[in-house]
1. Quickly run through the stretch 126-171 and pick out the residues that are part of a loop (DSSP other than H, G, I, E, B) and of a type in the set (Ser, Thr, Tyr).
2. The conditions are (1) surrounded by 15 or more Cβ atoms within 10 Å (Cβ to Cβ); (2) out of contact with any Phe, Trp or Tyr (no Cβ under 9 Å at 6 or more places or on another chain); (3) acidic (Asp, Glu), and Asp190 fails exactly one of them. Which is it?
3. Give the number of residues within the stretch 174-187 that are surrounded by 13 or more Cβ atoms within 10 Å (Cβ to Cβ) and either hydroxyl-bearing (Ser, Thr, Tyr) or away from the ligand (no atom under 11 Å from the Cβ) (or both).
4. Tally up the residues in the stretch 186-211 that are out of contact with any strand residue (DSSP E or B) (no Cβ under 7 Å at 6 or more places or on another chain), part of a loop (DSSP other than H, G, I, E, B) and in contact (Cβ under 8 Å) with a residue 40 or more places away in the chain, please.
5. Take the residues in the stretch 9-19 that are of a type outside the set (A, V, I, L, M) and surrounded by 20 or more Cβ atoms within 10 Å (Cβ to Cβ), then tell me which one is nearest to the chain's Cα centre (by Cα).
6. Do you know which residues across the stretch 124-173 are of a type in the set (A, V, I, L, M) and crowded, with 17+ Cβ neighbours inside 10 Å?
7. Can you name every residue in the stretch 20-61 that is β-branched (Val, Ile, Thr) and either in contact with a Lys or Arg (Cβ under 8 Å, 6 or more places away or on another chain) or surrounded by 19 or more Cβ atoms within 10 Å (Cβ to Cβ) (or both)?
8. Could you check Val118 against (1) within 15 Å of the ligand (Cβ to nearest atom); (2) aliphatic (A, V, I, L, M); (3) closer than 22 Å to Thr153 by Cα and say which number it fails?
Amino acid sequence: PESDVLTAIEALAVVPVVEIDDAAAAVPLAHTLSEAGLPVVEVTFRTPAARDAVAAIAAELPDFLLGAGTLVLPDMVSAAADAGARFGVSPGFSGACVAAAEKAGLPFVPGAVTPSEVGACLEAGARHIKFFPAGAYGGIATLKALDGPFGWTGARFMPTGGVRPENVGEYLALSNVFAVGGTWIAPRADIAAGRWDVIGERARAVAGLRP
Ligand code: 3PG
């Protein structure tokens, strides 16, 4: 069920956002993250290999918290669900994407940065909202300000974009942040080169960061 997946993500607190160029890297990457205590990923649907990467992880590691990101069109949402994603993420808000996710039974995290967009997410029934690009849209200060009018609604955010080891603790300390996302744990070049040791080290460093 929807709440189980999002609750599990909240417990892990940090979601590695990845760009996979070769689907053969997907399973070693997922094993690396699992062994590091961070069995979660958002595979961005902006590379040709993304769909096969998700399907490969789904087949090999059924318990892994397997997400698909960059879902900006409804067809992408259903493709991600069909490939075996257990949750979907979008950088922005689209009612058609939310509807596609509902139809597919896919827990879905739409994105918002302005009060109007947060309102659109709420109206569509979402309480878990991506806040992207976090750094460029005011980061911690904006999240604190949004908590004034929206805290009572239960809306909580996953800031992504500019989250780094230096500021991740500050983001996670906010009561309206349920998790953070970022590419720093498994950058595209490290995945492409199969540098599982350094990816594992960075994942171990953030596993268990939840304050
Ligand atoms: C995303 O798709 O969520 C962003 O590209 C992640 O941003 P970052 O590279 O600053 O972590």
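1. Start the filter on the stretch 126-171 by keeping residues that are part of a loop (DSSP other than H, G, I, E, B), which leaves 126-127, 132-138, 154-155, 161-167.
Scanning the stretch 126-171 gives a single hit, Tyr137.
2. Checking Asp190 against (1) surrounded by 15 or more Cβ atoms within 10 Å (Cβ to Cβ); (2) out of contact with any Phe, Trp or Tyr (no Cβ under 9 Å at 6 or more places or on another chain); (3) acidic (Asp, Glu), the one that fails is (2).
3. Number satisfying all stated conditions: 6.
4. 5
5. Restricting attention to the stretch 9-19, the residues satisfying the condition of being of a type outside the set (A, V, I, L, M) are 10, 16, 19.
Now drop any that are not surrounded by 20 or more Cβ atoms within 10 Å (Cβ to Cβ), which leaves 16, 19.
Details: Pro16: 7, Glu19: 12 Å.
Top of the filtered list is Pro16.
6. Scanning the stretch 124-173 gives Ala124, Ala126, Ile129, Ala134, Leu143, Leu146, Ala155, Met158, Val163, Val168, Leu172.
7. Narrowing the stretch 20-61 to residues β-branched (Val, Ile, Thr): 20, 27, 32, 40-41, 43-44, 47, 54, 57.
Ile20, Thr32, Val40, Val41, Val43, Thr44, Val54, Ile57 - these are the residues of the stretch 20-61 that are β-branched (Val, Ile, Thr) and either in contact with a Lys or Arg (Cβ under 8 Å, 6 or more places away or on another chain) or surrounded by 19 or more Cβ atoms within 10 Å (Cβ to Cβ) (or both).
8. Here Val118 meets the rest and fails (1).
Every number here is computed from the coordinates shown, using simple stated rules; none is lab data. This one's a predicted model, so the numbers in the text were calculated from it and none came from an experiment. No Cβ is skipped: glycine too gets one built from the backbone with ideal geometry, and neighbour counts run over all protein chains shown.
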